[in-house]
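**Student:** Attaching a single structure in structure tokens format; questions to follow.
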Amino acid sequence: MAYQKDVLAAVLREMEQGRSERERELAERRQTVYAGAPRVRQIDRILQSTAAQVIRVSLESGKDPTEAVSALRERNLTLQEERRQLIRSLGLPKDYLEIQYECPACSDMGYIGSQPCACLRARYAQKLTEQLSAILPISDQNFGAFRLDYYSEKADARIGMSPRACMKYNFKKCFDYAADFSLHSTNLLLYGSAGLGKTFLSTCIAKEVSERGFSVAYDTAINVLASYEAVKFGSGDPTEAKSAIRRWEAADLMIMDDLGTELSTSFTTTAFYQLLNTRLMSGRPMIINTNLLPERFEKQYSAAIASRLLGEFVPLRFIGDDIRRLRRRER
């Protein structure tokens, strides 16, 4: 899993701020103790100088410093016990002058050696989910909220299967995809008429995947292809567009919604091919939602794009009645 640099940097900054705040609080507690028991300040100064004393004793004697180190150790243990007793005499807990890390494993540094700590991975996943929630209603749209009763049990003559049976199959495919997602996952193509749950289920996938710490880029085809135009022709905000394109091309999972609603031109076709091919060549999974039927792909775009959509994506067809209309009737 590749970390998204800007998100990782934001997490590390927050951890550093938290660590600085705890160090500041410790300094304040230390001053409180020093005011109530000045002897603790003297002990702390003695203990801080121990390492320098050991080195000096070793250099001056030219002998094995083991005996000197042992003597210093015994003295330090005695001083530490005196220090604990003094702190306790002030009615304070014995660990009052110890910094309280949120994560003792890495001391809130985020890394254990060169490896990311579990706390860093958890914070990173949380940050990704927060970013995603700013553009998607992931608090409301989750697998637990999906309702099969919106789909008819009457068989659809076109495919010989009822919308409910079809959606039960699609739901399981999407649920399993989210649960088993990895950088080696396949691509999904969700297609069918508007209002059948394509965006809903892809949002559910986005939520689950981001909560596991994978970066998810989610946007509509209109916005995605407009960004490529902004970079090419210098319209809008090219800098922001370049940043968005890098995110779409590099995210662990890219979800493009409403493919086919954009204004189709030779340029948008070329831009779509670039994004599609970049992700396929790098092996990064992608989910595409579209109202277009597969037979329209070549006419709408190109033979090269149609070949990739039909050959590199697992198709999931959505059928039934428009759920948005059914919900409006309920209300």
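**Student:** Report the calculated FRET efficiency for LYS299 and ILE323 (r = Cβ-Cβ distance, R0 = 35 Å), to the nearest 0.05.
**Tutor:** Values: r = 28 Å, r/R0 = 0.80.
Taking R0 as 35 Å, the efficiency between LYS299 and ILE323 is 0.80.
**Student:** For segment 66-113, which trypsin sites (Lys or Arg not before Pro) are both in a DSSP coil and crowded by at most 11 other Cβ atoms within 10 Å? Present the calculation step by step, with values, prior to reporting the outcome.
**Tutor:** Details: sites: ARG73, ARG75, ARG83, ARG84, ARG88, LYS94; in loops: LYS94.
Qualifying residues, ordered by number: LYS94.
**Student:** Can I ask one more? Specify the residue with the greatest mean-square fluctuation among GLN31, GLN17, GLN141, computed from a Gaussian network of the chain linking alpha-carbon atoms under 10 Å apart.
**Tutor:** Residue with maximal mean-square fluctuation among GLN31, GLN17, GLN141: GLN31.
**Student:** If Lys and Arg each add +1 and Asp and Glu each add -1, what is the summed charge of the other residues whose beta carbon sits under 9 Å from the beta carbon of ARG22? If you can, show how the numbers build up before the last one.
**Tutor:** Working: positive: ARG19, ARG24; negative: GLU21, GLU23, GLU25, GLU102, ASP108.
Local net charge: -3.
**Student:** Return the single residue from ALA157, ALA221, ALA178 with maximal mean-square fluctuation; model: Gaussian network over the chain, springs between Cα atoms under 10 Å.
**Tutor:** ALA157
**Student:** Compute the distance from the alpha-carbon center of segment 91-106 to that of segment 210-259, in whole Å.
**Tutor:** 44 Å
**Student:** Would you list which lysines come within 30 Å of LYS242, measuring only between C-alpha atoms, while excluding same-chain residues fewer than 8 positions from it?
**Tutor:** Within the straight-line limit of under 30 Å, LYS242 reaches these lysines: LYS5, LYS127, LYS198, LYS207, LYS232, LYS299.
**Student:** Between PHE233 and GLU74, 0.36 nm times their residue separation minus their Cα-Cα distance comes to what?
**Tutor:** Values: separation 159, 0.36 × 159 = 57.24 nm, distance 7.45 nm.
Difference between extended and current length: 49.8 nm.
**Student:** Sticking with this structure for a sec: Take peptides 189-199, 20-30, 271-281 and line them up by average Cβ neighbours within 10 Å, highest first, as a rough protection proxy. Each step should come with its number before you reach the end.
**Tutor:** Numbers: 189-199: 21.4, 20-30: 12.4, 271-281: 17.3.
Most protected by this proxy first, the peptides run 189-199, 271-281, 20-30.
**Student:** Here is a further query. What FRET efficiency comes out for the pair GLU16/GLU312, r = Cβ-Cβ distance, R0 = 45 Å, nearest 0.05? Spell out each step's value before the answer.
**Tutor:** Working: r = 42 Å, r/R0 = 0.93.
With R0 = 45 Å, the Cβ-Cβ based efficiency is 0.60.
**Student:** Here's something else I'd like to know. What is the sum of charges, Lys and Arg at +1 and Asp and Glu at -1, for the other residues whose Cβ falls under 13 Å from the Cβ of ALA125?
**Tutor:** Values: positive: ARG121, ARG123, LYS127, LYS207, ARG212; negative: GLU130, GLU208, GLU211, ASP252.
Net of charged neighbours comes to +1.
**Student:** Then there's this: Order GLU229, GLU240 by their accessible area, 1.4 angstrom probe, all chains in place, largest first.
**Tutor:** Details: GLU229 65, GLU240 100 Å².
In descending accessible area the options line up as GLU240, GLU229.
**Student:** Taking the chain as a whole, which cysteines find no other cysteine Cβ under 4.7 angstrom from their Cβ?
**Tutor:** For the chain, the answer is CYS166, CYS174, CYS204, because their Cβ atoms have no other cysteine Cβ under 4.7 Å.
**Student:** Sticking with this structure for a sec: If r is the Cβ-Cβ distance from ARG29 to LYS5 and R0 is 45 Å, what FRET efficiency results, to the nearest 0.05? Display every interim value, and only then the final one.
**Tutor:** Details: r = 36 Å, r/R0 = 0.80.
Here the calculated transfer efficiency is 0.80.
**Student:** Which whole-Hz couplings ³J(HN,Hα) result when phi for each residue of segment 262-269 is put into the Karplus expression 6.51 cos²θ - 1.76 cosθ + 1.60, θ = phi - 60°, listed in order with x for Gly and Pro?
**Tutor:** The phi angles translate into 6, 6, 8, 9, 4, 5, 4, 5 Hz.
**Student:** Ok, one more. When Rg is the radius of gyration of the Cα atoms in the chain and Rh is its Kirkwood radius, what does Rg/Rh come to? All intermediate terms of the calculation are to be shown ahead of the outcome.
**Tutor:** Details: Rg = 30.1 Å, Rh = 24.7 Å.
Rg/Rh: 1.22.
**Student:** OK, next. What is the local net charge at THR268, summed over the other residues whose Cβ is closer than 11 Å to its Cβ (Lys, Arg +1; Asp, Glu -1)?
**Tutor:** Values: positive: LYS232; negative: GLU229, GLU262.
Around THR268, the surrounding residues sum to -1.
**Student:** Using all alpha carbons of segment 252-324, what is the percent of pairwise distances in each 5 Å bin, ordered from the shortest bin to the longest?
**Tutor:** Per 5 Å bin, starting at zero, the Cα-Cα P(r) for segment 252-324 comes out as 3, 13, 28, 28, 16, 8, 4, 0 percent.
**Student:** Ok, one more. Using 0.36 nm per residue of separation minus the Cα-Cα distance, give me the extension gain between ILE112 and ARG246 in nm, one decimal.
**Tutor:** Length gained, ILE112 through ARG246: 45.3 nm.
**Student:** Rounded to the nearest Å, what's the spacing between the alpha carbon centres of segment 287-331 and segment 119-191? Just the number, please.
**Tutor:** What the calculation gives is 15 Å, centre to centre.
The values are calculated or read from the model by the stated rules, or taken from the named source; none is laboratory data. Since the structure is predicted, the reported quantities are computational estimates derived from the model, not experimental observations. Ideal geometry is used to build each Cβ from the backbone, glycine not excepted, and the neighbour counts take in all protein chains shown. Accessible surface is based on the protein model in full, side chains and every heavy atom, while ligands, DNA and RNA are left aside. Shrake-Rupley method; radii C 1.70, N 1.55, O 1.52, S 1.80 Å.
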